[in-house]
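Some notes on the structure that comes next.
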2 protein chains.
Amino acid sequence: MAAKGRGRVTIGDVAREADASVTTVSRVLNDVRTVDPTLAHRVRQAIADLGYRPSAAAQSLARGRSGTLGVLVPDLANPHFSDLVKAFTATVRESGARVLVMDSDEDPAAERDLAEDLLRYADGLLLCAPRMPRADLAALAHRGTPLLVANRRDPGLALHTVDVDFHQGVLAVCGHLAQLGHRRVVYLAGPEGSWANRERLRALSGAEAFGLHVTVLACGSTTDDGHAAAERALAAGGTALVAYNDFVALGLLSRLAELGVRVPDAISLTGFDEIDLARFSSPPLTTVAVPRSGLGRAAARSLVRLMDGEVEGAFDALPVELHVRGSTSAPS
Amino acid sequence: MAAKGRGRVTIGDVAREADASVTTVSRVLNDVRTVDPTLAHRVRQAIADLGYRPSAAAQSLARGRSGTLGVLVPDLANPHFSDLVKAFTATVRESGARVLVMDSDEDPAAERDLAEDLLRYADGLLLCAPRMPRADLAALAHRGTPLLVANRRDPGLALHTVDVDFHQGVLAVCGHLAQLGHRRVVYLAGPEGSWANRERLRALSGAEAFGLHVTVLACGSTTDDGHAAAERALAAGGTALVAYNDFVALGLLSRLAELGVRVPDAISLTGFDEIDLARFSSPPLTTVAVPRSGLGRAAARSLVRLMDGEVEGAFDALPVELHVRGSTSAPS
DNA sequence: TTGAAAGCGCTAACAC
DNA sequence: GTGTTAGCGCTTTCAA
């Protein structure tokens, strides 16, 4: 019935109970077909009776792999990452593995250590939007364990990567604004060291070739950051505000309402990384939807393949989609 | 310099390189003092030279514990849980352990299996707002591994629990509305099976004793749910809407704006579980702040103590705080 | 189809 | 202060 004696139930206990060898029990556990049905049944019975669960540690040691994949994100509370992690985890689970999640709390200095620690437990690692220095990234990549980097490219480093086409997304935003007749826009920039931000800047400077003049203002990535930057943004003198993401945009929107500045009549506003609430603000936000779950799934598939030793070809950036809503209009 | 031969660098390789025994290397690794400084230095040098990392699996097996704690949440993308997980993880890490996170995707049927699986890897488990049947919860609790349940109480089950005082929070909301002069309110209910929702209902019926009449409408927990429920909520004929949480409230607010119903002039509105955006909506939301991070930290401390075999006393529900803002006023 | 036994890499008695 | 060695619980040749 229950576990006997002290300590955990081991495979040996099951073997004794079923009057079989540990090898046989192991075979049943691992679905090896060459076991007599009667014996297999006895073993399964014993497993159930004793409430036996194989020790993950012992299995890992004997097999030489843990069946666990690691993910390191800068901030789990950011929907961008939690959606990615959810999709990644669900997809990985389909192939029978587990996921160990760590959060670096936006601390570039901690990233390296956490990743290193994660690698002791995991058979492979997904690094999301890492902010660590190139050298650290290179060192990790050469540790031997399969490593996949999401949303950060570095041509010099020969990393395996998956990412989203931020560049195209920002070009779409700029194109939309330009076609409406805007000529001077203000960009509220995101975190330094973020590849996503660098890509946005690169696209903005591309847009300048089309006659769009862009003023860049340091800002951040939260609603508070946006709220606090509103006055500076207005002072910069554009006809449209391009926010780093939807949180910043909603913060701006809130402050603009307090200041009596009408959106989009007095000034247009765009977000990025569409969040659920973007549809529900007043006015609803023109923004760019990025395939967060798609990225998570792609990462999972890619990492699983990497671990199977398959060589990965170049990976295209996932496409994004501009959603035009009420927060943008022709300049007055 | 680098790892030699095939496969991983083991403690034996380090011992050979440093001309010491594996025991000594193990001692250095585990900060046991009784090692000659010179030898210890040689060992550390060898570790660095070889790029040695102890195998987590081997350590777990030999030590009999994994140094890993599990957390199971219904939805990582919900800030309620991601904040909790972040605080839990950070606190646990201070005591040298790691955290394995799993997401049940709001599927009560999957919870039991995931928890069971988690227990094979972890020395202890935190179950957040579990929706599984009582019997499953009871079975898990009797598995032997330390188990802590957050935000679900069950007096018959003798569980170790930590939670937030939802009851008090909803009473505060109702008291606030009653004092403003409201007599008929509509409650937009959250997920069935959620203890948080049951506690809210319990508080609402308590408030009826004070003459507040409450109509309960099934709704959900997302912005979409709130948006979709607005017409029904208006039809229910109250002077105030009490939403299950801030997402529902913001969804309602958005739809009410579309319908031309002014908040709070035509109808008052309250949220719950204050999110960042609550301050920034128009009007800003009257809501209840719950100590998400505090709960995560409390859970971590409690679980660590449980694992040290310390018997836990009863745990008080963490206090919450009503934040009155522009979305509530006296009925017209 | 089944079982005995040799590891997997590390820790922790126990001896020296 | 240091080393030898017997496990930890499982998988996996290799024989039978």
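Just checking: which of the strands (runs of 3 or more DSSP E) contained wholly in region B:225-323 hold 2 or more residues that are among the polar types (S, T, N, Q), away from chain A (no Cβ under 14 Å) and touching a helix residue (DSSP H, G or I) at 6+ places or on another chain (Cβ under 8 Å)?
In region B:225-323, B:268-270 are the strands (runs of 3 or more DSSP E) which contain 2 or more residues that are among the polar types (S, T, N, Q), away from chain A (no Cβ under 14 Å) and touching a helix residue (DSSP H, G or I) at 6+ places or on another chain (Cβ under 8 Å).
Could you tell me which of the residues A:ARG120, A:ARG152, A:ARG143, A:ARG131 is basic (Lys, Arg), outside any loop (DSSP other than H, G, I, E, B) and on the phi < 0 side of the Ramachandran plot?
The unique qualifying residue is A:ARG120.
Which of the residues spanning region B:181-198 are within 14 Å of B:VAL242 (Cα to Cα) and either buried (at least 16 other Cβ atoms within 10 Å of the Cβ) or assigned by TED's automatic domain parsing to the domain that holds B:LEU137 (or both)?
B:HIS182, B:VAL185, B:VAL186, B:TYR187, B:LEU188, B:ALA189, B:GLY190, B:ASN197
Out of region B:162-177, which residues are in contact with a helix residue (DSSP H, G or I) (Cβ under 7 Å, 6 or more places away or on another chain) and either farther than 21 Å from B:LEU234 by Cβ or in a loop (DSSP other than H, G, I, E, B) (or both)?
Hits for region B:162-177 are B:VAL162, B:VAL164, B:PHE166, B:HIS167, B:VAL170, B:LEU171.
Does A:SER95 meet the test of being within 15 Å of DNA strand D (Cβ to nearest atom) and in contact (Cβ under 8 Å) with a residue 40 or more places away in the chain?
So A:SER95 does not fit the description; no.
Report yes if some residue within region B:28-42 is over 30 Å from B:LEU306 (Cα atoms) and small (Gly, Ala, Ser); otherwise report no.
Yes, region B:28-42 contains a residue that is over 30 Å from B:LEU306 (Cα atoms) and small (Gly, Ala, Ser).
Which ranges mark the helices (runs of 4 or more DSSP H) fully within region B:1-90 that have 3 or more residues being within 9 Å of DNA strand C (Cβ to nearest atom)?
Correct list: B:11-18, B:22-29, B:56-63.
Please go through region A:47-101 and pick out each residue that is surrounded by fewer than 19 Cβ atoms within 10 Å (Cβ to Cβ) and more than 10 Å from chain B (Cβ to nearest Cβ).
Hits for region A:47-101 are A:ALA48, A:ASP49, A:GLU94, A:SER95, A:GLY96.
Is it true that B:ASP273 is under 17 Å from B:VAL242 (Cβ atoms) and of a type in the set (Asp, Glu)?
yes
Run A:VAL149 past the list (1) aliphatic (A, V, I, L, M); (2) more than 16 Å from DNA strand D (Cβ to nearest atom); (3) modelled with pLDDT of 90 or more; (4) surrounded by fewer than 22 Cβ atoms within 10 Å (Cβ to Cβ) and report the number of the one that doesn't hold.
The failed condition is (4).
At pLDDT 95 or above and over 20 Å from the mean Cα position of the chain (by Cα) - does that describe any residue in region B:304-319?
Checked against the condition, which is being at pLDDT 95 or above and over 20 Å from the mean Cα position of the chain (by Cα), region B:304-319 yields no hits at all.
Does A:PHE272 satisfy the condition of being of a type outside the set (D, E, K, R) and either under 19 Å from the mean Cα position of the chain (by Cα) or within 22 Å of A:GLU192 (Cα to Cα) (or both)?
Yes, satisfied.
How many residues, within region B:28-39, are touching a residue at least 12 places away in the same chain (Cβ under 8 Å) and more than 7 Å from DNA strand D (Cβ to nearest atom)?
Counting residues in region B:28-39 that are touching a residue at least 12 places away in the same chain (Cβ under 8 Å) and more than 7 Å from DNA strand D (Cβ to nearest atom) gives 2.
Could you check how many residues of region B:103-123 are surrounded by 23 or more Cβ atoms within 10 Å (Cβ to Cβ) and either more than 9 Å from chain A (Cβ to nearest Cβ) or under 18 Å from the mean Cα position of the chain (by Cα) (or both)?
6
Suppose the filter is more than 13 Å from DNA strand D (Cβ to nearest atom), in contact with a strand residue (DSSP E or B) (Cβ under 8 Å, 6 or more places away or on another chain), more than 18 Å from B:VAL71 (Cα to Cα) and touching a residue at least 12 places away in the same chain (Cβ under 8 Å); does A:PRO74 pass it?
yes
Does any residue of region A:285-297 turn out to be surrounded by 18 or more Cβ atoms within 10 Å (Cβ to Cβ) and farther than 28 Å from A:ALA87 by Cβ?
Within region A:285-297, not a single residue is surrounded by 18 or more Cβ atoms within 10 Å (Cβ to Cβ) and farther than 28 Å from A:ALA87 by Cβ.
Let me spell it out: the conditions are (1) away from chain A (no Cβ under 13 Å); (2) within 11 Å of DNA strand D (Cβ to nearest atom); (3) without any contact (Cβ under 8 Å) to a residue 12 or more places away in the chain; (4) not acidic (Asp, Glu), and B:VAL25 meets all of them except one. Which number is the exception?
(3)
Only residues that are out of contact with any strand residue (DSSP E or B) (no Cβ under 8 Å at 6 or more places or on another chain), assigned to a loop (DSSP other than H, G, I, E, B) and farther than 17 Å from B:GLY271 by Cβ: list them for region B:198-224, please.
Those that are out of contact with any strand residue (DSSP E or B) (no Cβ under 8 Å at 6 or more places or on another chain), assigned to a loop (DSSP other than H, G, I, E, B) and farther than 17 Å from B:GLY271 by Cβ: B:ALA209, B:PHE210, B:GLY211.
Which condition does A:HIS142 not pass, out of (1) closer than 30 Å to A:ARG202 by Cα; (2) buried (at least 21 other Cβ atoms within 10 Å of the Cβ); (3) within 10 Å of chain B (Cβ to nearest Cβ), if it passes all the others?
A:HIS142 satisfies all of (1) closer than 30 Å to A:ARG202 by Cα; (2) buried (at least 21 other Cβ atoms within 10 Å of the Cβ); (3) within 10 Å of chain B (Cβ to nearest Cβ) except (2).
The values are calculated or read from the model by the stated rules, or taken from the named source; none is laboratory data. Predicted, not measured: the structure shown is a model, and the values here were computed from it. Note that each Cβ is placed from the backbone with ideal geometry, even for glycine, and that neighbours are counted across all protein chains shown.
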